[in-house]
Structure formats: C-alpha cells, structure tokens
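Remarks on the structure that follows.
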Amino acid sequence: MKTIHINITYAEIQKRERRWNDTMNFRTPDRVPVLQYIGSRYWLPLIGYAEKFRDYFDNPAVMLEAQLKGQKWILENIKSDFHKIVCYPDFMWVEDVSGFGAETVFPKNDSPWVARPHMLQKNDNLDVLRKVDYVHTGLHGQMLDYHKIMKETAADFQLEFSDGKTIPAGDCVYPGGAGVIGIAALAGDLCSVEQFSMDMYDKPEWVKELLTIITDKAIDWIMEVLTSSGGDMGFCADFYDRIIHVGDDGTAQMSPDQIHEFMLEPYKRLSAFIKGKGCKVQAHNCGRADHLLKFWADEAGIDRYLGFSYLTDKEKLKSVMGGRILLLGGIDTVKIHDGNPAEVKEDVRHNLGVFKDCPGYVIMDGHNVAPGSPVENINAMAEAAEEFGRF
C-alpha cells in the first residue's frame, strides 16, 4: 500500500465542505467560499511532468498517480475551499470532438488540441457523424476503459492527512465526462470556429442538422456516463453529484438572433433530457456573455453558472440569476496571471460588493487559472475572502 501524505488536516477539509454545502443550498456560510479551477496543465509541470504530458495521457495508472500528487500540491499550496480529491479520465477538452472520430494532437509537453484542417472541413457529409458510435469512439471509449483501470490502480494507494485521518484512494476515482464541452463549441471543433460562423449564414439548414446530431450524440454520452456512474462523476477536477455540464464557450461568439435561431431548440431539448433524469444543468461561458444570461436562465433553465467571465456585466448577472442560480466566477484571470496580489484582492473586493448579499455565490476565476500564474496571486483570492467576505 502506497501512502500519499497530505500536509493539511482532515478537520480543515470538513470545515471547507460545510461552507461549500451551505452555499450550494443557498444558505449563509461563515464566509463566501473560494474555488479556483486549477487544471492539470497548470500543476503537471510543478510535480515533475513538464516533459511528460504524453505519459500522463497514455497511461491511466500514471494519470491516477499524477492526479493524486497534483491535488496534494493544490491542498498544500493553494488557499481555497477545495475539499474533495477527484481523480477521473482527463483529456483536457478534446474528448468530445474525438468521440466523433476527429483527429487530435498530443504534444510531448503541452495540452492536446484538435488537428487542422478540422474534420468537417475535409468532408462535410453529416452522415458520417450521424452513424458514429459516439460513446465508444476515440477518447470517449478510452475514458470508459481508463476509469476501470484507474479504479483498480487506486486500490494500491491511500491518502493520509496531517491529523491521521486516512481515506482509500479508490474513493476518489470517478468516471469522467459529466457532460459535454458545449453544442456550439463542439460545432466549432468539428468545422473550425471561423467556418461554423460562416456556415450559419451560408447554409443554415445544414448547421441546424449538425446541431441536432451533436445534441443527439451528447444525450447518448450523458446517458452512458449516468448509467455507469450512478450520478457521481468527475469534471474539471471537481466532483459532480447528478450535475451535468453543457458548456458552452461557442455561444458567447454568437449574436442574440443566432442564439434564438440555432441554439434555442437544441438546448431546450438537452436541458429537458437532463432534468428528466433527475439531474441539474450547469452552463459556462468564457468572454462577455451579457446577451446570454436570460437564455441560460429562462430558456435552458440552468441551475449553476460556472466560471462566468470577469468581462460579463455583474450587476446584470445578479439581476437575472442572483439567488436562484448558483454563480461561480467573476475574478479577472488576466490579473491572476499578470497582476499582483493587491490587484487580485481589489478585484475580489469589487465582486463581493456586487455578490456578497447574493445567496449561492462562489468566488472563482472566470475562467481557468492559466499556467504560470503566481501562487501568491491565486492565494490573494482567499485572503480577500477572509477580509471582505465574512458574514
């Protein structure tokens, strides 16, 4: 049995969990919680994997041990309310397009990307997508296999906290893929964002058919993950209890008219399916998304808005979603990467001026802490929460 020692008490983990649960249930916690999305591309170099990204992706046993060490690093170095170690098959956002058979590129020391030219630039016959086994093709099938192997490998590990509490690592392994990167985002990955934007003007009926196929396949994948997981899943290095992520960065690049014409029906159908399975719906946007807030809240009927951008109008967001939809985000990721702790703390203070009295708000980067962001800037978020976010 291999023991990974974590220099933090389990009592501290439990305190964070209580704060988190209060907020998730729209109760008043002792202070506003803080959570950063610190993905594997940030911490892999910090645990000695700067030149071993391919090892991480190619071997599920390596992926498991790296995630355990990575989350140990986060718990010991980052001030936050991160409280649940989650290990899951992680392919950094290319798994959904790979499920359609699209080619992906895995560099030696960088995160993967979609190969150019994009799949539908080479052949725009949608019958290929319609016929694909989206659940078992490409990285989707690999994720199902990786979960089993990671679970078996975890039997050789336990985690020990500084107050002596131990937990089996197997309790921290979950199926990945609690949702999809987004319907419009997937269309952009299949066509290229530029081509998809042009296609909405040049061949709108073809685009609608493409989005219907993507929605159908997304439902197939979500159903598979729900069946295999019982509802407990991993996504974005976080634990999801019957919460399904639906994206969608691609929508932020569309006009209100395009949203109504192209995205309304797919998202109503996807959301209805998810809620029909007794799950909650989570959306996300990078970039300014003022024009999407009512769409997400009233048409898609989301329950959580994750990592909302620091560019979005916060007063408008509060008026549209505040108190009825969980809001996580708002902190300037550019300041976290390029600024100093004082600037980050001031940004948190400003956000709390808008959201502190809004039940269900979590201080979070908006969105994705960039590799190379100074630890002192990341930690300034929690320091500001202690100073300005107490109730």
Does any residue of region 180-202 turn out to be closer than 20 Å to Asn125 by Cβ, in contact (Cβ under 8 Å) with a residue 24 or more places away in the chain, more than 20 Å from the chain's Cα centre (by Cα) and not in a helix (DSSP H, G or I)? yes
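Have a look at Glu387, Glu315, Glu383 and point out the one that is in a helix (DSSP H, G or I), more than 16 Å from the chain's Cα centre (by Cα), within 30 Å of Leu264 (Cα to Cα) and among the charged types (D, E, K, R). It would help to see each step written out before you state the result.
Working: Glu387 fails: within 30 Å of Leu264 (Cα to Cα); Glu383 fails: within 30 Å of Leu264 (Cα to Cα).
Glu315 is the lone residue from the list that is in a helix (DSSP H, G or I), more than 16 Å from the chain's Cα centre (by Cα), within 30 Å of Leu264 (Cα to Cα) and among the charged types (D, E, K, R).
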Subset of region 115-129 [under 22 Å from Glu209 (Cα atoms) and either under 26 Å from the mean Cα position of the chain (by Cα) or in a loop (DSSP other than H, G, I, E, B) (or both)]: Pro117, His118, Met119, Leu120, Asn123, Asp124, Asn125, Leu126, Leu129
Does region 168-180 contain any residue that is crowded, with 21+ Cβ neighbours inside 10 Å, aliphatic (A, V, I, L, M) and touching an Asp or Glu at 6+ places or on another chain (Cβ under 6 Å)? yes
Is it fair to say Asp145 is surrounded by fewer than 18 Cβ atoms within 10 Å (Cβ to Cβ), of a type in the set (D, E, K, R), within 22 Å of Thr227 (Cα to Cα) and modelled with pLDDT of 95 or more? yes
Can you tell me how many residues within region 27-51 are touching a strand residue (DSSP E or B) at 6+ places or on another chain (Cβ under 9 Å) and not acidic (Asp, Glu)? 8
Which numbered condition trips up Lys52, out of (1) surrounded by fewer than 20 Cβ atoms within 10 Å (Cβ to Cβ); (2) closer than 20 Å to Ile243 by Cβ? (2)
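Of all residues in region 98-110 being part of a loop (DSSP other than H, G, I, E, B) and in contact with a Ser or Thr (Cβ under 8 Å, 6 or more places away or on another chain), which is nearest to Lys131 (Cα to Cα)? Show your work before the answer.
Restricting attention to region 98-110, the residues satisfying the condition of being part of a loop (DSSP other than H, G, I, E, B) are 99-103, 106-110.
When the remaining residues are screened for being in contact with a Ser or Thr (Cβ under 8 Å, 6 or more places away or on another chain), the result is 99-101.
Working: Gly99: 12, Phe100: 9, Gly101: 11 Å.
Filtering first and then ranking leaves Phe100.
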Keeping to region 97-113, report how many residues are under 24 Å from Asp220 (Cβ atoms) and either acidic (Asp, Glu) or under 20 Å from the mean Cα position of the chain (by Cα) (or both). 6
Given (1) touching a strand residue (DSSP E or B) at 6+ places or on another chain (Cβ under 7 Å); (2) without any contact (Cβ under 8 Å) to a residue 40 or more places away in the chain; (3) not β-branched (Val, Ile, Thr), Ala154 misses just (2)
Please find, among Ala154, Ala187, Ala218, Ala178, the residue that is of a type outside the set (Phe, Trp, Tyr) and more than 21 Å from Tyr134 (Cβ to Cβ). Ala154
Being touching a residue at least 12 places away in the same chain (Cβ under 8 Å) and among the small types (Gly, Ala, Ser) is the filter; apply it to region 334-373 and report the residue that is farthest from Arg27 (Cα to Cα). Gly372
If I filter region 243-258 for residues that are among the charged types (D, E, K, R) and touching a strand residue (DSSP E or B) at 6+ places or on another chain (Cβ under 8 Å), do I get at least one hit? yes
May I ask you to list pairs of residues, at least six apart or on different chains, whose Cβ atoms are under 8 Å apart, with the first in region 89-117 being over 23 Å from Asp238 (Cα atoms) and at pLDDT 95 or above and the second being of a type in the set (Ser, Thr, Tyr) and part of a loop (DSSP other than H, G, I, E, B)? Phe100/Tyr134; Phe100/Thr137; Gly101/Thr137; Arg116/Ser192; Pro117/Ser192
Tabulated pairs, region 1-19, first surrounded by 12 or more Cβ atoms within 10 Å (Cβ to Cβ) and of a type in the set (S, T, N, Q), second at pLDDT 95 or above and in a strand (DSSP E or B), C-beta under 7 angstrom, 6+ apart or interchain: Thr9/Phe161
With respect to Ile244, is the statement that it is assigned to a strand (DSSP E or B), closer than 20 Å to Leu264 by Cα and either of a type outside the set (S, T, N, Q) or free of Cβ contacts under 8 Å to residues at least 24 places away in the same chain (or both) true? yes
Any residue that is farther than 30 Å from Gly323 by Cβ, of a type in the set (Lys, Arg) and either touching a residue at least 12 places away in the same chain (Cβ under 8 Å) or touching a Leu at 6+ places or on another chain (Cβ under 6 Å) (or both) - is there at least one of those in region 26-40? no
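The values are calculated or read from the model by the stated rules, or taken from the named source; none is laboratory data. Remember, predicted model here, so these are calculated numbers, not experimental data. Please note: Cβ atoms are built from the backbone with ideal geometry, for glycine as well, and neighbour counts cover all protein chains shown.
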